[in-house]
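Scroll down for the structure; my scribbles are underneath it.
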Amino acid sequence: MYRIVEKQELAPGIKQMVVETPHVARRARPGQFVIVRLDAPGERIPLTIADHDTAQGTVTLVVQEVGKTTAQMGTLEVGDTIATVAGPLGHPTEIAAYGTVVCVGGGVGIAPVFPIARALQTAGNRVLSIIGARSRNLLFWEERMAAVSNELIVCTDDGSYGRPGLVTEPLRELLEARPGEIARIWAIGPAVMMKFVSRTTEPFGVPTTVSLNTVMIDGTGMCGGCRVVAGGGAQFVCVDGPEFSGWQVDWDLLLSRLQYYRPQEQEAFEQWQRGACRVEETTA
Amino acid sequence: MAAGRLPRRGDDRLMPRIIPTRTPMAEQPPAQRIHNFDEVPYGYTPEEAKAEAARCLLCKRPTCIDGCPVHINIVGFLELTAKGDFRGAINLIKESDALPAITGRVCPQETQCEQVCVMGRKYQPVAIGRVERFLADWEASRGDLSVPELAPPTGKTVAVVGAGPAGLTVAADLARLGHRVTVFEALHEAGGVLVYGIPEFRLPKAIVQREVNYVCNLGVSLIKDFVVGQTATLDELLEDYNAIFLGSGAGLPWFLDIPGENLSGVYSANEYLTRSNLMKAYRFPEYDTPIARGRRVITIGGGNVAMDACRTALRLGAEESMVVYRRSRDEMPARIEEIHHAEEEGIRFMYLTTPVAIHGDDQGQVKELECLRNELGEPDASGRRRPVAVEGSNFRVPADIVIMAIGQSPSPLIPRTTADLQTQRDGVVVIDEATGKTSMKGVFAGGDVATGGATVILAMGQGRTAAAAIHDYLKTGVW
Ligand SMILES: Cc1cc2nc3c(=O)[nH]c(=O)nc-3n(C[C@H](O)[C@H](O)[C@H](O)COP(=O)(O)OP(=O)(O)OC[C@H]3O[C@@H](n4cnc5c(N)ncnc54)[C@H](O)[C@@H]3O)c2cc1C
Ligand SMILES: Cc1cc2nc3c(=O)[nH]c(=O)nc-3n(C[C@H](O)[C@H](O)[C@H](O)COP(=O)(O)OP(=O)(O)OC[C@H]3O[C@@H](n4cnc5c(N)ncnc54)[C@H](O)[C@@H]3O)c2cc1C
Ligand code: SF4
Ligand code: SF4
Ligand code: FES
């Protein structure tokens with residue numbers, strides 16, 4: 001059992017939780033994730049370690065409520081416990097002194113890109129960051145990202161804040177304006193965003209790392225459910241990744257695999273919402 | 001009645017009555033059981049167990065014992081059972097086999113103890129496994145599973161990696177010898193393949209839980225959600241423990257590497273079975289984990305894993321569940337009882353068939369499996385005739401789910417973070433057979449991680465061997 005020691009709403013439907021799990025905190029590195037299972041009937045879902053504190057023995061998770069499990073997690077409060085937090089899983093990000101790098105975070109992807117940007121900056125890189133969200137109210141961690149970036153560009157799809165438009169536009173401009181300067185790019189966000197970031201950077205030849213969010217169960221390489229095709233062959237995201245070269249990923253396959261359980265996910269979510277409403281009614 | 005029939009030990013010529021056929025075991029009828037996940041065989045009653053045990057010839061040279069990887073005193077426990085001394089019989093078994101309720105159910109008896117049973121030369125062999133299972137269940141039903149006396153604490157600590165049959169055996173043996181044992185398990189439940197792979201209808205999870213509780217009652221600490229190689233490396237564990245047993249199994253599923261294998265609806269058997277068993281997807285949405293419920297499901301492979309997958313598919317509501325196997329029925333490595341059960345349940349077997357591609361629809365979901373027909377050619381290294389594909393014999397079978405059950409090997413997670421751990425082909429950890437010693441001082445291994453996918457009883461047997469060697473090492477410090 002793992003106790004929640006802090007909880008904060010970052011934006012509507014996006015919650016930050018600090019969870020006590022000393023053995024994960026001890027070894028966590030940027031780019032790694034945990035598998036979370038809320039309770040006995042719960043499913044196992046992957047969540048990136050957005051930050052960790054070895055001394056306190058805690059990890060920070062940022063969760064976007066998109067379905068049953070994440071929504072249920074959002075209802076947990078400080079002092080509540082989570083049945084399983086296993087990790088840190090996956091390969092850590094390869095942090096080195098590359099020179100100038102770009103870190104792109106889209107939506108809830110801002111959270112996982114943060115520790116990477118911070119580690120890259122600490123390693124002596126010049127970090128240019130681009131973060132984006134659909135709308136101003138969904139944007140979070142702007143100050144945190146600013147603190148670990150030499151330059152920060154903020155965009156919103158609807159233009160309610162910062163630059164209007166998608167993250168790919170300022171990214172292309174940076175690549176065009178500073179030819180040869182940018183050594184590497186990291187991009188984390190919705191699969192579609194990562195696909196288009198990869199498309200954008202490929203003509204410039206700047207190596208682009210993405211962190212893939214496939215469906216997982218065990219997270220230890222035992223089921224193969226997380227597999228993607230990257231670099232020609234099948235790879236298990238949980239043990240071979242989660243980071244891959246964005247140019248090598250078969251995005252259409254990844255996107256179709258992500259859709260596979262849609263009808264059942266919908267069913268579970270709706271049933272849970274009905275149950276959750278009942279509870280609220282009776283306590284009201 | 002049964003006891004009265006007992007022939008005198010060792011005097012084969014005076015054998016009074018030969019009972020040629022086995023005592024049948026009642027089972028759930030196929031038409032009923034394909035709609036539930038309850039166990040298929042009901043097990044013997046005490047009378048049936050006595051009658052079956054009385055079929056034993058009490059051979060002077062009981063070959064059955066050589067057929068059992070852990071050398072259970074089979075003739076001894078059968079004799080006691082025939083006399084009705086169930087307590088004596090189960091105690092005798094437990095001297096060599098810590099998990100008889102499990103081995104009695106899942107051992108491939110027909111290639112082990114029962115294959116070499118003398119009765120089997122002319123008649124049906126004694127149903128050793130069924131009697132073993134009866135005795136274990138009899139003991140459990142009495143609820144007086146006693147915790148054996150533990151040796152005084154030695155002050156030595158042992159880390160066991162993996163809570164499968166190998167790890168649990170080592171943990172129990174070493175705890176009894178007075179060592180402090182901690183088991184590290186990657187998943188949220190202990191039991192290994194017994195909980196995530198083998199379905200409820202073949203091995204009820206309550207039985208596994210009973211055995212896990214037994215091990216914990218010996219004072220063993222169980223730390224779940226701990227992925228060795230990630231949460232801590234083997235080298236880090238060695239700093240805190242006097243010895244390590246590596247029993248992490250062979251969990252990495254193989255794929256065929258054919259076109260279309262990554263379409264939605266293609267599962268590894270591990271994923272399919274883990275969703276259904278460990279995560280209880282068969283009770284979705286009561287449990288959160290979903291599983292695709294196909295109308296036409298094809299399982300590729302011919303071992304126990306394939307049988308478990310195709311039978312699970314049926315229980316999840318498939319209208320048709322098929323098995324595609326590249327050789328013929330005689331070569332299928334699955335337990336004969338499982339093949340038989342699968343046939344009874346209406347599984348369709350396509351033998352001498354090799355899958356070559358999977359075709360999808362415009363949603364990226366499985367639509368058809370394309371196969372070639374095989375002929376049997378020259379014998380291969382395993383002595384079985386090699387299947388040879390007939391060129392141009394391609395045909396397609398409609399399917400919405402394809403399950404790959406073609407084998408597995410140890411996960412690379414631990415070797416890739418442990419410089420000194422020697423592995424061979426497919427990541428199998430190299431051990432000294434007699435002791436379980438690996439290439440790293442203080443680290444022993446056994447079970448599927450050291451053999452590749454094998455059997456429960458072999459994993460336990462290797463655990464036994466390693467536990468004894470670990471005990472020696474802890475006492476003497478000599479490697
Ligand atoms: C390595 C990795 C790191 C991730 N990190 C974060 C994070 O830090 N914050 C965050 O909010 N989300 C993260 N995700 C995504 C998160 O796991 C899913 O949003 C979550 O599983 C959805 O579950 P649900 O029941 O709430 O929604 P559902 O209704 O079940 O699913 C909604 C969508 O989420 C995806 N999904 C469903 N089940 C799983 C599963 N078992 N594993 C992975 N994806 C699934 C599918 O695309 C699905 O269509 C990460 C995913 C991966 C693979
Ligand atoms: C579907 C299926 C059906 C089978 N049917 C039969 C049968 O009928 N009869 C039979 O005799 N055999 C059968 N087998 C084979 C049998 O189950 C195995 O040979 C046996 O379980 C091996 O035991 P083990 O302890 O070596 O490994 P496992 O049972 O695989 O247990 C290993 C444990 O280690 C854990 N682990 C792995 N990596 C790590 C890590 N890095 N850190 C911490 N923990 C880790 C795993 O989660 C698991 O719990 C079957 C196998 C399968 C998959
Ligand atoms: S453990 Fe297995 S092989 Fe040995 S006697 Fe029992 S059923 Fe037979
Ligand atoms: S070989 Fe068969 S008949 Fe002979 S002792 Fe063993 S079980 Fe009995
Ligand atoms: S999640 Fe099971 S292999 Fe990656």
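Being in a helix (DSSP H, G or I) and modelled with pLDDT of 95 or more narrows it down to one residue among B:307, B:322; which is it? Write out each step before concluding.
Details: B:322 fails: in a helix (DSSP H, G or I).
The conditions single out B:307.
Determine whether residue A:183 is over 27 Å from residue B:257 (Cβ atoms) and aliphatic (A, V, I, L, M). I'd like the intermediate steps shown before the answer.
Working: over 27 Å from residue B:257 (Cβ atoms): yes; aliphatic (A, V, I, L, M): yes.
Judged against the criteria, residue A:183 is a match.
Give A:102, A:85 a once-over and let me know the one that is away from every other protein chain (no Cβ under 14 Å) and either β-branched (Val, Ile, Thr) or in a loop (DSSP other than H, G, I, E, B) (or both).
Numbers: A:85 fails: away from every other protein chain (no Cβ under 14 Å).
Of A:102, A:85, the one residue that is away from every other protein chain (no Cβ under 14 Å) and either β-branched (Val, Ile, Thr) or in a loop (DSSP other than H, G, I, E, B) (or both) is A:102.
Within region B:112-137, can you find the residues that are open to solvent by 20 Å² or more (accessible area, probe 1.4 Å), touching a Lys or Arg at 6+ places or on another chain (Cβ under 9 Å) and either under 30 Å from residue B:175 (Cα atoms) or within 9 Å of ligand 3 (Cβ to nearest atom) (or both)?
Residue satisfying the conditions is B:130 alone.
Results for (1) assigned to a helix (DSSP H, G or I); (2) modelled with pLDDT of 90 or more; (3) within 13 Å of another protein chain (Cβ to nearest Cβ); (4) surrounded by 23 or more Cβ atoms within 10 Å (Cβ to Cβ), shown as yes or no for each residue.
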position: A:222; (1), (2), (3), (4): no, yes, yes, yes
position: A:229; (1), (2), (3), (4): no, yes, yes, no
position: A:238; (1), (2), (3), (4): yes, yes, yes, yes
position: A:247; (1), (2), (3), (4): yes, yes, no, no
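Considering only region A:254-263, state which residues are at the interface with chain B (Cβ under 7 Å from one of its Cβ atoms), assigned to a helix (DSSP H, G or I) and crowded, with 19+ Cβ neighbours inside 10 Å.
To start, the set of residues in region A:254-263 that are at the interface with chain B (Cβ under 7 Å from one of its Cβ atoms) comprises A:256-257, A:260-261.
Next, from what is left, pick out any that are assigned to a helix (DSSP H, G or I): A:256-257.
Correct list: A:257 only.
Can you name the number of the only condition in (1) touching a helix residue (DSSP H, G or I) at 6+ places or on another chain (Cβ under 7 Å); (2) farther than 19 Å from residue B:225 by Cα; (3) open to solvent by less than 60 Å² (accessible area, probe 1.4 Å); (4) more than 11 Å from ligand 1 (Cβ to nearest atom) that residue A:12 fails?
With (1) touching a helix residue (DSSP H, G or I) at 6+ places or on another chain (Cβ under 7 Å); (2) farther than 19 Å from residue B:225 by Cα; (3) open to solvent by less than 60 Å² (accessible area, probe 1.4 Å); (4) more than 11 Å from ligand 1 (Cβ to nearest atom) applied to residue A:12, the lone miss is (3).
When you scan region B:285-295, do you find a residue that is without any contact (Cβ under 8 Å) to a residue 40 or more places away in the chain and not in a loop (DSSP other than H, G, I, E, B), even just one?
We begin by selecting, within region B:285-295, every residue without any contact (Cβ under 8 Å) to a residue 40 or more places away in the chain; these are B:285-291, B:293.
Those left that are additionally not in a loop (DSSP other than H, G, I, E, B): none.
Checked against the condition, which is being without any contact (Cβ under 8 Å) to a residue 40 or more places away in the chain and not in a loop (DSSP other than H, G, I, E, B), region B:285-295 yields no hits at all.
This table checks each residue for (1) within 17 Å of the chain's Cα centre (by Cα); (2) not basic (Lys, Arg).
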site	(1), (2)
A:170	no, yes
A:181	no, yes
A:185	yes, yes
A:199	no, no
A:203	no, yes
A:216	yes, yes
A:227	no, no
A:230	no, yes
A:235	no, yes
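Out of curiosity, is residue A:198 open to solvent by 20 Å² or more (accessible area, probe 1.4 Å) and more than 30 Å from residue B:185 (Cα to Cα)? Spell out how you get there, then give the answer.
Numbers: open to solvent by 20 Å² or more (accessible area, probe 1.4 Å): no; more than 30 Å from residue B:185 (Cα to Cα): yes.
No, not satisfied.
Just to verify a result, which residue in region B:109-132, among those that are within 18 Å of residue B:208 (Cα to Cα) and touching a residue at least 40 places away in the same chain (Cβ under 8 Å), is nearest to ligand 5 (Cβ to nearest atom)?
To start, the set of residues in region B:109-132 that are within 18 Å of residue B:208 (Cα to Cα) comprises B:129-130, B:132.
Next, only the ones that are touching a residue at least 40 places away in the same chain (Cβ under 8 Å) stay: B:130, B:132.
On the way: B:130: 36, B:132: 34 Å.
Checking each candidate, the answer is B:132.
Has region B:43-61 got at least one residue that is open to solvent by 50 Å² or more (accessible area, probe 1.4 Å) and under 20 Å from the mean Cα position of the chain (by Cα)?
Checking region B:43-61: not a single residue is open to solvent by 50 Å² or more (accessible area, probe 1.4 Å) and under 20 Å from the mean Cα position of the chain (by Cα).
For every residue, the table says whether it meets (1) closer than 30 Å to residue A:264 by Cα; (2) modelled with pLDDT under 95; (3) open to solvent by 10 Å² or more (accessible area, probe 1.4 Å).
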| position | (1), (2), (3) |
| --- | --- |
| A:34 | yes, no, no |
| A:39 | yes, yes, yes |
| A:59 | no, no, no |
| A:63 | yes, no, no |
| A:85 | yes, no, no |
| A:103 | no, no, no |
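Report yes if some residue within region B:135-144 is farther than 24 Å from residue B:269 by Cα, within 16 Å of ligand 4 (Cβ to nearest atom) and in contact with a helix residue (DSSP H, G or I) (Cβ under 9 Å, 6 or more places away or on another chain); otherwise report no. So that I can check it myself, show each step before the final result.
Filtering region B:135-144 for residues farther than 24 Å from residue B:269 by Cα gives B:135-144.
Pick out the ones that are also within 16 Å of ligand 4 (Cβ to nearest atom) and you get B:135.
The next check asks that each one be in contact with a helix residue (DSSP H, G or I) (Cβ under 9 Å, 6 or more places away or on another chain); those that pass are B:135.
Yes.
Any chance region B:203-216 includes a residue that's more than 9 Å from ligand 2 (Cβ to nearest atom), in contact with an Asp or Glu (Cβ under 9 Å, 6 or more places away or on another chain), more than 14 Å from chain A (Cβ to nearest Cβ) and among the charged types (D, E, K, R)?
Scanning region B:203-216 turns up no residue that is more than 9 Å from ligand 2 (Cβ to nearest atom), in contact with an Asp or Glu (Cβ under 9 Å, 6 or more places away or on another chain), more than 14 Å from chain A (Cβ to nearest Cβ) and among the charged types (D, E, K, R).
With respect to residue A:70, is the statement that it is touching a strand residue (DSSP E or B) at 6+ places or on another chain (Cβ under 6 Å), open to solvent by less than 30 Å² (accessible area, probe 1.4 Å) and either within 14 Å of chain B (Cβ to nearest Cβ) or part of a loop (DSSP other than H, G, I, E, B) (or both) true? Lay out the reasoning, then the answer.
Values: touching a strand residue (DSSP E or B) at 6+ places or on another chain (Cβ under 6 Å): yes; open to solvent by less than 30 Å² (accessible area, probe 1.4 Å): yes; either within 14 Å of chain B (Cβ to nearest Cβ) or part of a loop (DSSP other than H, G, I, E, B) (or both): yes.
When the stated conditions are applied, residue A:70 passes them.
All but one of (1) within 14 Å of chain B (Cβ to nearest Cβ); (2) open to solvent by 20 Å² or more (accessible area, probe 1.4 Å); (3) of a type in the set (A, V, I, L, M, F, W, C); (4) in contact (Cβ under 8 Å) with a residue 12 or more places away in the chain hold for residue A:166, so report the exception by its number.
Residue A:166 satisfies all of (1) within 14 Å of chain B (Cβ to nearest Cβ); (2) open to solvent by 20 Å² or more (accessible area, probe 1.4 Å); (3) of a type in the set (A, V, I, L, M, F, W, C); (4) in contact (Cβ under 8 Å) with a residue 12 or more places away in the chain except (1).
Please specify each residue of region B:451-466 satisfying the condition of being of a type in the set (A, V, I, L, M, F, W, C), within 22 Å of residue B:104 (Cβ to Cβ) and in a helix (DSSP H, G or I). Let's see the steps before the verdict.
Here is the first cut: in region B:451-466, the residues of a type in the set (A, V, I, L, M, F, W, C) are B:454, B:456-460, B:466.
Those still in the list that are within 22 Å of residue B:104 (Cβ to Cβ) too: B:454, B:456-460.
Residues satisfying the conditions are B:456, B:457, B:458, B:459, B:460.
Anything in region B:242-293 that is among the β-branched types (Val, Ile, Thr) and more than 7 Å from every other protein chain (Cβ to nearest Cβ)? List them, or say none. It would help to see each step written out before you state the result.
Kept after step one, since they are among the β-branched types (Val, Ile, Thr), are these residues of region B:242-293: B:244, B:258, B:266, B:274, B:289, B:291.
B:244, B:258, B:266, B:291 - these are the residues of region B:242-293 that are among the β-branched types (Val, Ile, Thr) and more than 7 Å from every other protein chain (Cβ to nearest Cβ).
Suppose we filter B:438, B:418, B:465 for residues that are closer than 24 Å to residue A:219 by Cβ, among the polar types (S, T, N, Q) and within 28 Å of the chain's Cα centre (by Cα); which single one remains?
Details: B:438 fails: closer than 24 Å to residue A:219 by Cβ; B:465 fails: closer than 24 Å to residue A:219 by Cβ.
Testing whether each residue is closer than 24 Å to residue A:219 by Cβ, among the polar types (S, T, N, Q) and within 28 Å of the chain's Cα centre (by Cα) leaves just B:418.
Go through (1) in a helix (DSSP H, G or I); (2) open to solvent by 10 Å² or more (accessible area, probe 1.4 Å); (3) not hydrophobic (A, V, I, L, M, F, W, C) for residue A:92 and report which single condition fails.
(1)
For (1) among the polar types (S, T, N, Q); (2) open to solvent by less than 70 Å² (accessible area, probe 1.4 Å); (3) touching a residue at least 60 places away in the same chain (Cβ under 8 Å), each residue gets a yes or a no:
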{"position": "B:350", "(1), (2), (3)": "no, yes, no"}
{"position": "B:356", "(1), (2), (3)": "no, yes, yes"}
{"position": "B:359", "(1), (2), (3)": "no, yes, yes"}
{"position": "B:374", "(1), (2), (3)": "yes, yes, no"}
{"position": "B:384", "(1), (2), (3)": "no, no, no"}
{"position": "B:400", "(1), (2), (3)": "no, yes, yes"}
{"position": "B:406", "(1), (2), (3)": "no, yes, yes"}
{"position": "B:418", "(1), (2), (3)": "yes, yes, yes"}
{"position": "B:437", "(1), (2), (3)": "no, yes, no"}
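Looking at region B:76-85 only, could you name the residues that are open to solvent by 10 Å² or more (accessible area, probe 1.4 Å), in contact (Cβ under 8 Å) with a residue 40 or more places away in the chain and either not in a loop (DSSP other than H, G, I, E, B) or not basic (Lys, Arg) (or both)?
Residues satisfying the conditions are B:79, B:84.
Looking only at region A:9-38, how many residues end up being among the charged types (D, E, K, R), more than 9 Å from chain B (Cβ to nearest Cβ) and in contact (Cβ under 8 Å) with a residue 24 or more places away in the chain? Before the answer, list the steps.
Of region A:9-38, the ones among the charged types (D, E, K, R) are A:9, A:15, A:20, A:26-27, A:29, A:37.
Checking the rest, the ones that are also more than 9 Å from chain B (Cβ to nearest Cβ) come to A:9, A:15, A:20, A:29.
Adding the requirement that they be in contact (Cβ under 8 Å) with a residue 24 or more places away in the chain leaves A:15, A:20, A:29.
Selection size over region A:9-38: 3.
Quick one: residue A:93 ticks every box in (1) in contact (Cβ under 8 Å) with a residue 40 or more places away in the chain; (2) within 29 Å of residue A:266 (Cα to Cα); (3) within 14 Å of ligand 1 (Cβ to nearest atom) bar one, so which box is it?
(2)
The values are calculated or read from the model by the stated rules, or taken from the named source; none is laboratory data. It should be emphasised that the depicted structure is a prediction, and the values quoted were computed from it without experimental measurement. Cβ coordinates were reconstructed from backbone atoms using ideal geometry, including for glycine residues, and neighbour counts include every protein chain displayed. These area figures cover heavy atoms from the full protein model, side chains too; ligands, DNA and RNA do not enter into them. Shrake-Rupley method; radii C 1.70, N 1.55, O 1.52, S 1.80 Å.
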